[in-house]
């Protein structure tokens, strides 16, 4: 074995999560609250995927003879002011909400991780420019940034994904940058540089696996925020456009008859609340599992 081989072995970075307890991930399923959250997420995903098979009626079909009916054996959640079945619309409304809630943080996470890693590793003008832009964007609430970008791009699912992803981008940049700077100071990164490894290889093999924990936690928590923002923007008319259902525009349609027939507002509002709460519970549990300070 050569001296170089010995250096490579002695300074190899620990595998992601190797410093944590072997049974740490079992705690994720040992907590009943977390299991309930995961169960709700699984049920909501199945409902969104199999909506055409689950929904009892066509969510777009209007019936003037069945307008604003209360819950019954035929229409479990009642009907709206156009005679459309509310249960079917809530079931179909899970599709854009969950799709956007997962797609927007994923897009923001990929771009933010790349930018943050480059800024944290190379420093210099890249770090300064990235840091100043992130500070400016962080000064505005995510909902406000989403409203401004969605208003500029126009309504629609794709534009809404871009708007929310851009609103989340500085959060991921800050986490990736700080984590990269901490990993860059580790001895195994210095050893990799001394061995002549290229920067891109160091970033992919040594930095990215060791900063993935905080990024996964942030992404999980921001899924809930994305769902809430999507409902807010759809409520304002900047998201999914009628007659296509989403939880936000279902609530908006039901406000006109809130005192007479509140079923649309109640059911869609409960769907948003349950979904956001479930993702928050799971995100908190993942954060506890990936916490390097946790001990037996």
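Let me have the 222 nm mean residue ellipticity of the chain computed from DSSP H runs of 4+ only, each contributing -39500 (n - 2.57), with the sum over all residues rounded to the nearest 500.
Here the helix-only value at 222 nm equals -22500 deg cm²/dmol.
Relative to the present Cα-Cα distance, how much length would full extension add between residue 99 and residue 143 at 0.36 nm per residue of separation?
14.0 nm
Using a ≥ b ≥ c from the Cα gyration tensor of segment 240-280 (square roots of the eigenvalues), is it rounded, prolate or oblate, where a/c under 1.5 gives rounded and otherwise the larger of a/b and b/c decides, a/b for prolate?
oblate
Cα atoms only: what Rg and Dmax, in Å, come out for segment 97-247?
Every Cα atom of segment 97-247 included, Rg and Dmax give 17.4, 61 Å.
Expected output is a single nm value to one decimal: the length gained when fully extending between residue 29 and residue 198, i.e. 0.36 nm times separation in residues minus the C-alpha distance. What is it?
56.8 nm
Project the alpha carbons of the chain onto their principal axes and report the range along each, largest first, in whole Å.
85, 44, 27
Under the definition of Cα pairs under 8 Å and six or more residues apart, what whole-number percent is the relative contact order of segment 26-289?
Taking the mean separation of contacting Cα pairs over the length of segment 26-289, I get 26 percent.
Got a sec? How would 277, 233, 44, 238 order by Cβ neighbour count within 10 Å, fewest to most?
Taking fewest neighbouring Cβ atoms as first place, the list is 277, 44, 238, 233.
For the chain, modelled as a GNM with alpha-carbon contacts under 10 angstrom, which of 168, 235, 29 fluctuates the most?
Among 168, 235, 29, the largest mean-square fluctuation in the Gaussian network model of the chain belongs to 29.
Return the Cα extents of segment 215-296 along principal axes one, two and three, sorted largest first, each rounded to a whole Å.
Cα spread of segment 215-296 along its principal axes, largest to smallest: 55, 23, 15 Å.
How large is the convex hull of the C-alpha atoms of segment 179-227 per residue, in Å³?
Once divided by residue count, the hull of segment 179-227 is 70 Å³.
Since every read-out is calculated from the coordinates, none of them should be taken as a lab result. Fair warning: this is a prediction, and the values are worked out from it, not measured in the lab. All Cβ positions, glycine included, derive from the backbone under ideal geometry; neighbour counts span all protein chains shown.
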